[in-house]
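Have a look at the structure below before the remarks.
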Amino acid sequence: MRNVSTICKRELGGFFNSPMAYIFLVIFAIVNGYFFTNTFFLFGQSDLRVLFDIVPLVYLFFIPAVSMGLIARENNLGTMEIMSTMPINTYEFVLGKFLAASSLILLGLVATSIHLFTLISVGTNVDYGAIFSGYLGLALMGGTYAAIGTYASSVTENQVVAFIIGVFIVLVFFMLDKTLVFVPRSIAGFIQFLAVDYHLSNISRGVIDSRNLVYFFSMIGFFIFLAIRTLEMKRWK
Amino acid sequence: MIKVSDLSKNYGSVEAVKSISFDLLDGEIIGFLGANGAGKTTTLKMMTGYLIPTEGSVKVNDLDIIDDIHEIQKQIGYLPELNPLYTEMRVYEYLEFLATIRDISGRDFKDALARVVEQCGLRGVVHKTISDCSKGYKQRIGLAAAMIHDPKILILDEPVTGLDPNQIVEIRELIKSLGKEKLVFMSSHILQEIEATVDRIIIINKGQIVANGTSSELMSSSKGNVLLHMDVKGATKDSIEHVQAKLPSVRFVSFEETDGLQNIQFEYGKDKDPREDLFKYAVKNKWKILKMNPHTTNLEDIFRNLTMEDNADA
């Protein structure tokens with residue numbers, strides 16, 4: 001576990017040593033802030049629903065962008081060879097990378113809590129439970145996308161390719177929910193269960209069901225597993 | 001000690017390394033020589049655990065590269081080809097990062113850092129960002145990174161590529177001093193560099209070992225012909241070609257004439273030197289000798305012979 005945190009710290013340092021982290025955090029805050037405040041005073045509702053609706057859309061492109069360089073860059077620079085010849089397990093390396101991306105996303109999410117303070121100062125009857133579950137859902141969704149991004153980054157040494165693959169996979173899981181009308185009823189339930197939006201909306205409504213948690217954690221586990229396998233397969237080529 | 005036995009690696013249908021075997025002893029500096037694409041880097045990547053061999057085994061002090069990979073990696077310092085570095089980090093940050101993974105922290109790290117800074121001459125750049133360092137310094141940072149845990153074995157893939165002559169001499173001296181107590185295995189395609197630094201040379205060509213020994217061993221086992229370059233004036237083509245008939249130990253190789261100056265090349269066996277006879281012959285035929293320059297076979301020729309013959313076979 002110490003190796004995981006060493007890798008994670010180095011990666012976070014890399015984020016903050018380059019403009020990457022700042023660009024991400026600033027633009028993430030501006031986009032979310034714009035859409036949130038745009039309509040906030042029109043509805044006169046004491047919740048963050050607008051924010052919780054906009055963040056998943058922003059995630060679609062932001063998370064693949066944050067995670068595209070995680071492993072692809074190491075493949076490209078050749079530093080992968082240094083990491084692979086250090087006494088460290090592949091899973092520790094991948095987990096560290098995933099946690100670094102997740103931490104940056106969480107940081108972006110925490111920054112949006114500024115809107116919560118706006119809400120508290122002008123709103124009445126703030127439903128803290130719904131806000132908590134909304135954030136929990138977004139955090140889990142962010143983690144899932146980060147795992148997908150980590151996997152996309154492991155299959156190539158080109159960051160642009162990693163970004164495109166990442167956006168594609170993320171989009172598939174995001175869109176599944178919207179295709180339900182077109183699929184036979186017999187598999188509709190299954191497709192719906194795979195859709196990330198379905199689980200997010202459950203949690204956001206304030207229903208924290210173990211099925212939803214299991215879904216998010218298995219998605220994260222699955223894509224991290226794929227990333228580990230991808231890296232290990234390279235040594236056999 | 002490293003024992004490589006019947007090691008092979010296939011990339012798809014391409015056989016990059018074909019069943020090679022050799023032993024490396026502690027305290028030895030061994031040069032691993034071969035043309036580009038001969039299989040050097042692939043072999044090193046298998047020895048460090050980056051690639052899994054298709055067949056065969058690598059044993060380091062009786063540990064196996066597959067079963068005890070982390071134990072072996074703790075004992076090895078590796079400088080990969082092209083010296084990859086996290087260029088956005090500062091030099092000490094990078095070394096600290098590697099040291100942390102290798103379980104060196106606090107007081108121990110300070111000592112290790114002081115040691116590699118001293119050995120690799122990094123004093124001026126420790127706090128610099130790696131991308132701001134010159135190529136020579138980057139190479140030394142790579143070397144320092146490979147040595148931060150004071151490994152018993154150093155595996156260096158083309159450690160002096162791209163350095164200027166002064167830097168090459170410095171790195172060479174450093175490797176020599178390290179070789180007093182460590183096993184150093186370094187690859188190169190530049191002969192002079194290897195010849196000046198190592199105790200023993202292993203030559204690989206087309207994935208196979210074609211020579212293994214000290215440089216003097218390799219020289220004495222070679223065919224050992226001497227090529228004689230002569231610049232003369234006033235020689236006729238007939239008299240030049242006639243040499244071989246008069247002096248049987250000399251073989252005519254080539255002849256070229258520019259501005260009345262004849263440039264001739266002869267070849268003769270290392271054991272019998274015909275230069276005196278050749279001189280007498282020249283005087284008799286009214287040649288004016290301007291230059292006579294014997295070129296003994298050196299490692300470079302051996303290398304070329306070994307790697308060319310095989311090329312002709314293929």
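Laboratory data are not the source of any read-out in this text; all were calculated from the coordinates shown. The structure displayed is predicted, hence computed values, not measured ones. Positions of Cβ are generated from backbone atoms using ideal geometry, with glycine treated the same way; all protein chains shown enter the neighbour counts.
Here is how the numbers come out for the structure above:
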item	result
Beta bridges by DSSP in the protein assembly as shown, antiparallel share as percent, to the nearest 5	70 percent
For A:THR118, A:THR144, B:THR197, order by how many other beta-carbon atoms lie within 10 Å, fewest first	A:THR118, B:THR197, A:THR144
GluC sites (Glu not before Pro) restricted to region B:177-219 and DSSP loop, no more than 13 other C-beta within 10 Å	B:GLU181
Average other protein chain Cβ within 10 Å of Cβ, residues A:5-16	3
Cα-based reach from B:LYS286 at 20 Å (exclusive), listing aspartates and glutamates while leaving out same-chain residues under 8 positions away	B:ASP231, B:ASP238, B:GLU241, B:GLU256, B:GLU257, B:ASP259, B:GLU276, B:ASP277
Linear extension gain, A:LEU77 paired with A:LEU42, 0.36 nm per residue minus alpha-carbon span	7.6 nm
Calculated [θ] (222 nm, deg cm²/dmol) that DSSP helices of n ≥ 4 give over chain B, each run adding -39,500 (n - 2.57)	-11000 deg cm²/dmol
Computed E for A:PHE190/A:PHE222 - FRET, C-beta separation, R0 22 angstrom, nearest 0.05	0.90
Gaussian network model of chain A, Cα within-10 Å springs - most flexible of A:SER201, A:SER154, A:SER121	A:SER121
Neighbourhood charge, 10 Å Cβ-Cβ cut-off, centred on B:GLY234 and excluding it, Lys, Arg +1 and Asp, Glu -1	+3
R0 of 41 Å, Cβ-Cβ distance B:VAL253-B:GLU55: FRET efficiency to nearest 0.05	0.40
Region B:63-76 - phi-based ³J(HN,Hα) in whole Hz, Karplus 6.51/-1.76/1.60, Gly and Pro as x	9, 9, 5, 7, 6, 10, 4, 5, 4, 5, 5, 5, 8, 10
Above-threshold pairs, the threshold being 20 Å between Cα atoms, out of B:LYS9/B:LYS176; B:LYS59/B:LYS138; B:LYS74/B:LYS176; A:LYS237/B:LYS45; B:LYS74/B:LYS138; B:LYS206/B:LYS270	B:LYS9/B:LYS176; B:LYS59/B:LYS138; B:LYS74/B:LYS176; B:LYS74/B:LYS138; B:LYS206/B:LYS270
³J(HN,Hα), Karplus 6.51/-1.76/1.60, whole Hz, each residue of region B:115-123, x for Gly, Pro	5, 6, 5, 5, 5, 9, x, 9, 3
Label point distance in nm, B:GLU118-B:GLU88, each placed 7 Å from Cα along Cα→Cβ	3.5 nm
Vicinal HN-Hα couplings computed from phi for region A:123-129 (Karplus, 6.51 cos²θ - 1.76 cosθ + 1.60; Hz; Gly/Pro x)	x, 10, 6, 5, 8, 5, x
Sequence of B:PHE266, A:PHE28 once ranked by neighbouring C-beta atoms within 10 Å, starting from the fewest	A:PHE28, B:PHE266
Antiparallel DSSP beta bridges within chain B, as percent of all bridges there, nearest 5	70 percent
Sorted by Cβ neighbour density within 10 Å, fewest at the top, the residues B:VAL125, A:VAL196, A:VAL155, B:VAL169	B:VAL169, A:VAL155, B:VAL125, A:VAL196
Candidates B:HIS189, B:HIS242, B:HIS149, ranked by Gaussian network fluctuation over chain B, Cα under 10 Å, top entry	B:HIS242
Anchor B:LYS18: aspartates and glutamates whose Cα lies under 17 Å away (excluding residues fewer than 8 positions away in-chain)	B:ASP6, B:GLU55, B:ASP310, B:ASP313
FRET efficiency estimate (nearest 0.05) - Cβ-Cβ, B:THR214 to B:ASP150, R0 25 angstrom	0.35
For region B:108-166 versus region B:211-264, the gap between their alpha-carbon centres in whole angstrom	46 Å
Theoretical gain in end-to-end length, B:MET1 to B:ILE190 [0.36 nm per residue, Cα-Cα removed]	65.5 nm
Reciprocal of mean inverse Cα separation for region B:225-296 (Kirkwood radius, Å)	12.0 Å
Those trypsin sites (Lys or Arg not before Pro) in region B:150-253 that DSSP places in a loop and that have at most 11 other beta carbons within 10 Å	B:LYS180, B:LYS223
